[in-house]
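Below: the structure, in structure tokens.
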Amino acid sequence: MIKSNLKLGDILIKQGLLSEEQLLAVLDEQKESGVKLGEILIQKKFVSEKDIAGALSKQLGILFASIEKGLLRPNLHQELEKLIPEDYARYHRTIPLSKHSNTITIAMVDPLDIMTIDDVMKMAGCDVNVVVTTNSDMDKAINDFYKSKDMEKKNIQEKFILMDGDDVKDQRETDVRDVVSEADAAPVVKFVDLILSDAIEQGASDVHIEHFEERVSLRYRIDGVLYDANAPDSKMYFAIISRIKILAKMDIAERRLPQDGGFSIAFGEKIIDVRVNSIPAIFGEKIVMRLLDQAKLPLEFKYLGFDARDLKLLRREIFKPYGMIFVTGPTGSGKSTSLYTMLNAIKSPRKNIITCEDPVEYKLDGINQVQVKPLIGLNFANTLRAFLRQDPDVIMVGEVRDLETAQMCIRAALTGHLVLSTLHTNDAPTAVTRIMDIGIEPFLLVSALRLVVAQRLIRRLCDKCKQPLENPGVKYKDLNLEAGDTIFESQGCEECRFTGFKGRIGIYELLPINEEVRNMIYYRKSSDEIRKRAEATGMRSLYQCGIEKMKQGITTLEEVIAVTVSD
């Protein structure tokens, strides 16, 4: 919340936009009329709206948000109109721009209006971050915001409900033919198109649609964080789910079992692959759509976040003719992107590269990719068995889930093939013990395993609005900051949707299987013992890699702590 003892006239004089004589003349007029000082100054053409807003911005250290610069654009997917109603926004000359964590960002014509700031704080139930704008831009922003795409969605919902009567049938109990009819209705088709276009424009990786007892939830995952969007009316929910299932070639009559499907859509010049999954929740199916934009897939190491030392080690191992390399981390940590980048680096007309995946997320030229289909017996182990008769040089396995698959990977690595795969473990040393827990004997593992890479994705600070922290507080005192290290903090701007972050980057932990680690594996040492030994010989943990990214001004300490375990 902004606090300042300076008056507007003093600010303008200090900025050289107004003389003391002009101010005194206007103050006399203000006492008689009761009109706000800024309005009189603009009426007399002593200053412009932009002068007043710019002066306040510089003096108070806040952002000047204008439509011209594209900064006065509220987030359309956070139901901000429920926090600040249109009537209140017009009367008090304020508009919500975004809500992140426990802070709402609002634009105001008069950022010194403490009463309005306090009101917004109470209405939103959180802290308030203020930016300043002009009266004319405020009017246009309010008109655009309260009559935006969400209004279009609202109109579509009203048409759908009117079309089907006041009581739209609950499709959990209706005939399949009725479901198809409603799913193909123009309002539903348009609404699903709007959801997908909004998600793509926002840069979302996933869309979550779910039904609770009394409401519907629509959320977008952007840079790894889920954000609420304006949800459809519950009367439209089952028609929307059916429409998505029809597009994804799923069985709309089956609502008791999980299903998978997919489809592709054209968005501008891009083709977006949409992967759909449904699960039967108690109040209706939950749908998650993953949006895969092949044009955004960076297949070069320089985009992934590896530093020079780690990249040198990784490239040395992936160009060896045989052995096994594991990439580990939780779902959504970028493992597939790392594997695709490795394959892209080593592919050559002289190499036969084959992958088995579930599912095939991205199509790579020059590489034979196989989609496993467990329902017909085409699982990872059977596919690997067939691969060994295809004269491969490099094999990529989507995931090692069981003993049979692990045995086939070991066998391939020991018979002159390079094998790349993934595991779901928290760190690199744990991957070693996990493979032994699956049932692989240590003497086989030490002969096959070459490298384990653990990774996470952390959000990057927005380059446009990040600011250096002049006096790092107590929480940074144990990080051994040096003279060249600069800690940055997030601010928030239109470019990053006022979150302070834009995009993500990887942090990595590389465990090379050297002679010492092999001996520890052979004697079944614990993952903690392997970690201690590896760190003593130079391995950096995920936390340490994250701290390096923080010192480089790429991310924040909070982001590092959120995804790693502190040393």
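Given the -39500 (n - 2.57) contribution per DSSP H run of 4+ residues, what per-residue ellipticity at 222 nm results for the chain, rounded to the nearest 500 deg cm²/dmol?
On the way: 22 runs with 222 residues, N = 567.
Dividing the helical sum by the residues of the chain leaves -11500 deg cm²/dmol.
For Rg/Rh (Cα atoms, Kirkwood Rh), several values are listed as (i) 1.01; (ii) 0.97; (iii) 1.05; flag the one computed from this structure.
Answer label, from the structure shown: (iii).
If you put +1 on each Lys and Arg Cβ and -1 on each Asp and Glu Cβ, how big is the dipole of segment 206-320 around its Cα centre, in Debye rounded to 20? The partial results should precede the final answer.
Details: 20 positive and 18 negative charges, 88 e Å.
With only Lys, Arg, Asp and Glu charged at Cβ, the dipole is about 420 debye.
Going toward the positive end of the dipole of the chain, with +1 on Lys and Arg Cβ and -1 on Asp and Glu Cβ, which of THR405, PRO258, PHE238 do you reach last?
Projecting each Cα onto the dipole axis, the largest value belongs to THR405.
Could you pull the accessible area for PHE263 with a 1.4 Å probe, rounded to 10 Å²?
It works out to around 30 Å².
Go through ALA308, THR499, VAL419 and say which Cα lies farthest out towards the positive end of the charge dipole of the chain; charges sit on Cβ, +1 for Lys and Arg, -1 for Asp and Glu.
VAL419
How much accessible surface area, in Å² rounded to 10, belongs to the heavy atoms of SER205 with a 1.4 Å probe?
Ignoring ligands and nucleic acids, SER205 comes out at about 30 Å².
Which pairs in the list LYS320/LYS466; LYS82/LYS140; LYS312/LYS549 are over 30 Å apart, alpha-carbon to alpha-carbon? Intermediate values should be presented prior to the final figure.
On the way: LYS320/LYS466 41 Å; LYS82/LYS140 19 Å; LYS312/LYS549 18 Å.
In this structure, LYS320/LYS466 exceed 30 Å between Cα atoms.
In debye, nearest 20, what is the charge dipole magnitude of the chain about its Cα centre with +1 on Lys and Arg Cβ and -1 on Asp and Glu Cβ, if you could check? If you can, show how the numbers build up before the last one.
Details: 77 positive and 85 negative charges, 438 e Å.
Value, rounded to 20: 2100 debye.
Could you report the accessible area of ARG456 in Å², rounded to 10, computed with a 1.4 Å probe on the protein chains as they sit in the structure?
Looks like 30 Å² after rounding.
Counting heavy atoms of the protein chains only and a 1.4 Å probe, report the per residue accessible area for segment 309-429 as a whole number of Å². Can you show the working numbers first?
Details: 5380 Å² over 121 residues.
Normalised by residue count, the accessible surface of segment 309-429 is 44 Å².
Of TYR220, GLN544, THR355, whose Cα points farthest to the positive end of the dipole of the chain (charges on the beta-carbon: +1 Lys, Arg; -1 Asp, Glu; origin at the Cα centre)?
So the residue furthest toward the plus end is THR355.
Relative contact order for the chain: what percent, with Cα pairs under 8 Å and sequence separation of 6 or more?
Values: 939 pairs, mean separation 54.5, N = 567.
Once divided by the residue count of the chain, the mean separation gives 10 percent.
Which loop-located GluC sites (Glu not before Pro) does segment 188-288 contain, where loop means any DSSP state but H, G, I, E or B and the Cβ has at most 10 other Cβ atoms within 10 Å? If you can, show how the numbers build up before the last one.
Values: sites: GLU201, GLU210, GLU213, GLU214, GLU254, GLU269, GLU285; in loops: GLU213, GLU214, GLU254, GLU269.
When the GluC sites (Glu not before Pro) of segment 188-288 are filtered for loop state and at most 10 Cβ neighbours within 10 Å, GLU213, GLU214, GLU269 remain.
Are there cysteines in the chain with no second cysteine's Cβ under 4.7 Å away, and if so, which?
So far as the 4.7 Å Cβ criterion goes, CYS126, CYS356, CYS409, CYS545 stand without a partner in the chain.
The values are calculated or read from the model by the stated rules, or taken from the named source; none is laboratory data. All values reported here derive from a predicted model rather than from experimental measurement. Quick reminder, even Gly has a Cβ in these numbers, built from the backbone with ideal geometry, and neighbours come from all protein chains shown. Heads up: the accessible areas ignore ligands, DNA and RNA and are worked out on the full protein's heavy atoms, side chains in. Shrake-Rupley method; radii C 1.70, N 1.55, O 1.52, S 1.80 Å.
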